[in-house]
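Asker: I'd like to ask you about the structure that follows.
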Amino acid sequence: MPVLELANISKHFGAIQAVNDVSISLEAGEVVGLMGDNGAGKSTLVKMIAGNFHPSHGTMRLDGRELVLHKPADARQHGIEIVHQDLALCNNLTAAANVYLGRELRRGVGPFRILDYGAMYKRAGQLFAELKSETRPRDLVKQMSGGQRQAVAIARTMLSQAKIVLMDEPTAAISVRQVAEVLNLIRHLRDQGIAVVLISHRMPDVFDVADRVIVMRRGRKVADKKIASSSPEEVTGLITGAIEQVA
Amino acid sequence: MAVTLDQTIAQKQHTFLSRLFSNQTFWVVIAVVLACLFLSFATDSFATSKNIFNITRNVTFVAIIALGMTFVIITGGIDLSVGSVLCLCSMILAVTMHAGYSIEIGILASIATALAVGAFNGVLIAYLGFPPFVVTLGVLSVARSLAMVASNNTVVFQFGPDHQKLLALGGGAWLFGIANPVLYMIILALITGFILRWTKFGRHIFAIGGNEHAATLTGVPVKQIKVAVYMISALSAGIAGIIQTGWLGAVTTNLGTGMELQVIAATVIGGANLAGGVGTALGAIVGAALIEVIRNSLGLLGINAFWQGTFIGGAIILAVLFDRIRNFRRSD
C-alpha cells in the first residue's frame, strides 16, 4: 500500500491553473525526484502536501486514510516533514537548538519546566551519528559548512517518526563534495523506510539517488517512470516540452 | 583513522576561556573594574560608601529598563517609547495616589498602563507589520503627552495616605544598607537571565532574532512572542517609573526624557546586537554600569560636564568596534 496517494489533485489561484489533475503515489523507502521548469507547479504541489495550500480539487490519502491539512503543523503531526530550500536555520543558535526548534525538550514539573540541554545535545548527537555527518551539536550553525547545515535541517525531520520527507532544492548552491554528502543523507533517510520527495533542477543528483522521476510541465504530470528506464535526455525533453508526454 | 565519528561529534570546540575572551560583555566588565580601580587611586571621593551608594542607585533605572529592552533587541526590534512610558507610569501612579487611593491601587494602575502601552506597540508591530522604530517613535510622543494630560502638566509631590510607603519603597535600603532600587535590579536581572537561558520562551526569542522566517516555519508562535517582548519592555519601564517616583518623591512631565537612548546604549555596550539574535541580562547591567561610572568619574576628576556626551558616545562606538574587529578576523 502506498504511504501517500494524491488523486486528481488540482489547484488554481483565480484564473491561473497552477496544478492540473495530478495523481501521484509514494511508497515507503522510495526516493522520488520531482522535476520541472520554474512555474511547472512543483512548489505548489509540494506546498499542498506540506499543508501550506489547500487543494481546489482532488483528495490526498495517507496510509489509506483521507488527509486534510489546514496548516503546516498538521502535516508535521501526520509525519510529513519538510526541508526548506533556505533550510530555515537560525545562525545564532547551536545545531542542537536548531534541530529542536519549536519542540524543545524540557524537564521539571508543572509550570516550572526548564530546557533540557543535556538531553537535546545527546539526541542531536545521535541523529548526526546516524546521518554519518561530522556535526557537533554544540556548534553554532553560522560556523558550519553547507553540508553540515543540511545535516542539521535533515536531522530535524528525524526527531519524530516521519513517514515522508519533502526536500526543496537541497543541492542548489553548495559545493560538489557537499552535494555528495547530502545525497548520502537522503539514502540514509530512504534506508529507514522514509519516502523522500526530492525537488531538484540538477539532473545528475536525481539520476544518482532517486528510484523514480516525476516530471511536471505547466501544471500537469507529463512523466512518472523508473529511473532505470529513463534517461537525462528524455527528462530534459519532457521538461522543455520537446517530448510531449510519456506513459 | 584514529578519530571516530562519535568522538568528533562529542568534541567541544570551545574551551571555557576561549568563550570568555570572545565575549564582549566580559571585556566591558573588565573596563568597568579597571575604571573603578583607577578612580579609587586617582581620587579620594570615588571609593567612599556614599559615592558607591549613589552610583549603584543611579545605574538601576537605566539598567532595569535595559533588561526589558534586551528582550526586544534580541528579537531584532527596538523600543523608543520606554522613556515616555516611564514618565506616563510614574504620573499615573502619582495621580492615582494623590487622589487618595492606596499604594497598591496606584501600582496596579501603573503596571496596567505599562502593559497596555506594550500590547499596543506589540500588536501593531507583530500583527499589522509596522516597523518597530515607527510605532514606538509615535508612542514616545503619545505617552509623554498623555502624562501631561493626566497631570495637567504640573509637578506631583503629594501621594495621599500612603505617601511614606511609596518613599520607603523607592528610597529605602531594606537589606544590608543596599539601596532598594539596586535590590529590585538584581532580582529582575536574575529573572531575565533565567528566562533567556532556561525557558522555551527565551529560546524562541533568540530564534526570532536569528531568523524570523525559520522560526515561523518551525512552528514558533512568532506573533504572540513579539507582542510579549514589547509588553515586557514597557513593563520594565513601568517598574523603573514606580521605583523612581518613590526615590525622587516628585514626578514631573519631563521625567525620563531621552532615557531611551541611554537604555539602548547600555544594551549595545553590554553586547546586544541591534540586528537581533544576541544579548544577555548581565550585558544590560554592565552596560548601564559603564555609562554611570564614566559619568560619575568625569565629575570626580573635575572634567567639564560638557564632555560627558563625548565620552559616553566614545564608549558606545568602542564597544561595538571590538565586536567588528573580531568579526573581521573571523571572516579572513
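The values are calculated or read from the model by the stated rules, or taken from the named source; none is laboratory data. Everything quoted here is computed from the prediction, not taken from an experiment. Here the Cβ is made from the backbone with ideal geometry for all residues, glycine too, and neighbour counts use every protein chain on show.
Asker: Does B:G279 meet the test of being at positive phi and modelled with pLDDT of 90 or more?
Answerer: Considered against the rule, which asks whether it is at positive phi and modelled with pLDDT of 90 or more, B:G279 comes out as yes.
Asker: Give the residues of the stretch A:132-147 that are buried (at least 20 other Cβ atoms within 10 Å of the Cβ) and more than 10 Å from B:I9 (Cβ to Cβ), sorted by residue number.
Answerer: A:V141, A:G147
Asker: Here is a check on your reading of the model: is A:R136 under 18 Å from B:D6 (Cβ atoms) and away from every other protein chain (no Cβ under 11 Å)?
Answerer: When the stated conditions are applied, A:R136 does not pass them.
Asker: Taking the stretch A:32-59, which residues are more than 26 Å from A:A242 (Cβ to Cβ) and touching a residue at least 12 places away in the same chain (Cβ under 8 Å)?
Answerer: Passing the criteria: A:M48, A:I49, A:A50, A:G51, A:N52, A:F53, A:H54, A:P55, A:S56, A:H57, A:G58, A:T59.
Asker: Any residue that is within 13 Å of the chain's Cα centre (by Cα), in contact (Cβ under 8 Å) with a residue 60 or more places away in the chain and over 12 Å from A:V31 (Cα atoms) - is there at least one of those in the stretch A:180-187?
Answerer: No, every residue in the stretch A:180-187 fails to be within 13 Å of the chain's Cα centre (by Cα), in contact (Cβ under 8 Å) with a residue 60 or more places away in the chain and over 12 Å from A:V31 (Cα atoms).
Asker: Here is a further query. Yes or no: B:A250 more than 14 Å from chain A (Cβ to nearest Cβ), among the hydrophobic types (A, V, I, L, M, F, W, C), closer than 16 Å to B:G77 by Cα and out of contact with any Asp or Glu (no Cβ under 7 Å at 6 or more places or on another chain)?
Answerer: no
Asker: Moving to a separate point now. If the requirement is being in a loop (DSSP other than H, G, I, E, B), among the hydroxyl-bearing types (S, T, Y) and at pLDDT 85 or above, which of these qualifies: B:T267, B:T257, B:T245, B:T310?
Answerer: None of the other options fit; the residue is B:T257.
Asker: Sticking with this structure for a sec: All but one of (1) among the β-branched types (V, I, T); (2) under 18 Å from B:G241 (Cβ atoms); (3) within 14 Å of chain A (Cβ to nearest Cβ) hold for B:T75, so report the exception by its number.
Answerer: Answer for B:T75: the failing condition is (2).
Asker: Related question: Return the residues of the stretch B:217-235 that are closer than 26 Å to A:R76 by Cβ and either within 22 Å of the chain's Cα centre (by Cα) or in contact (Cβ under 8 Å) with a residue 12 or more places away in the chain (or both); say none if nothing qualifies.
Answerer: B:V220, B:P221, B:V222, B:K223, B:Q224, B:I225, B:K226, B:V227, B:A228, B:V229 - these are the residues of the stretch B:217-235 that are closer than 26 Å to A:R76 by Cβ and either within 22 Å of the chain's Cα centre (by Cα) or in contact (Cβ under 8 Å) with a residue 12 or more places away in the chain (or both).
Asker: Among the numbered conditions (1) assigned to a helix (DSSP H, G or I); (2) within 22 Å of B:T192 (Cβ to Cβ), tell me where B:G279 comes up short.
Answerer: Of everything listed in (1) assigned to a helix (DSSP H, G or I); (2) within 22 Å of B:T192 (Cβ to Cβ), B:G279 misses just condition (1).
Asker: Does B:A272 satisfy the condition of being within 14 Å of chain A (Cβ to nearest Cβ) and farther than 27 Å from B:Q158 by Cα?
Answerer: Taking the combined requirement at face value, the residue satisfies it.
Asker: Mind listing whichever residues of the stretch A:94-122 are aliphatic (A, V, I, L, M), more than 9 Å from every other protein chain (Cβ to nearest Cβ) and not in a strand (DSSP E or B)?
Answerer: Answer for the stretch A:94-122, where residues must be aliphatic (A, V, I, L, M), more than 9 Å from every other protein chain (Cβ to nearest Cβ) and not in a strand (DSSP E or B): A:A95, A:A96, A:V99, A:L105, A:A119, A:M120.
Asker: Report whether or not B:S102 is touching an Asp or Glu at 6+ places or on another chain (Cβ under 9 Å), touching a residue at least 24 places away in the same chain (Cβ under 8 Å), closer than 20 Å to B:V156 by Cα and not hydrophobic (A, V, I, L, M, F, W, C).
Answerer: For B:S102, the condition - touching an Asp or Glu at 6+ places or on another chain (Cβ under 9 Å), touching a residue at least 24 places away in the same chain (Cβ under 8 Å), closer than 20 Å to B:V156 by Cα and not hydrophobic (A, V, I, L, M, F, W, C) - is met.
Asker: Out of A:V31, A:V46, which single residue is modelled with pLDDT of 85 or more, within 14 Å of chain B (Cβ to nearest Cβ), surrounded by 16 or more Cβ atoms within 10 Å (Cβ to Cβ) and at negative phi?
Answerer: Testing whether each residue is modelled with pLDDT of 85 or more, within 14 Å of chain B (Cβ to nearest Cβ), surrounded by 16 or more Cβ atoms within 10 Å (Cβ to Cβ) and at negative phi leaves just A:V46.
Asker: Tell me, yes or no, whether the stretch A:73-88 has at least one residue that is of a type in the set (D, E, K, R), within 14 Å of another protein chain (Cβ to nearest Cβ), assigned to a loop (DSSP other than H, G, I, E, B) and in contact with a strand residue (DSSP E or B) (Cβ under 6 Å, 6 or more places away or on another chain).
Answerer: no
Asker: Of all residues in the stretch A:139-157 being in contact (Cβ under 8 Å) with a residue 40 or more places away in the chain and assigned to a loop (DSSP other than H, G, I, E, B), which is nearest to the other protein chains (Cβ to nearest Cβ)?
Answerer: It comes out as A:D139.
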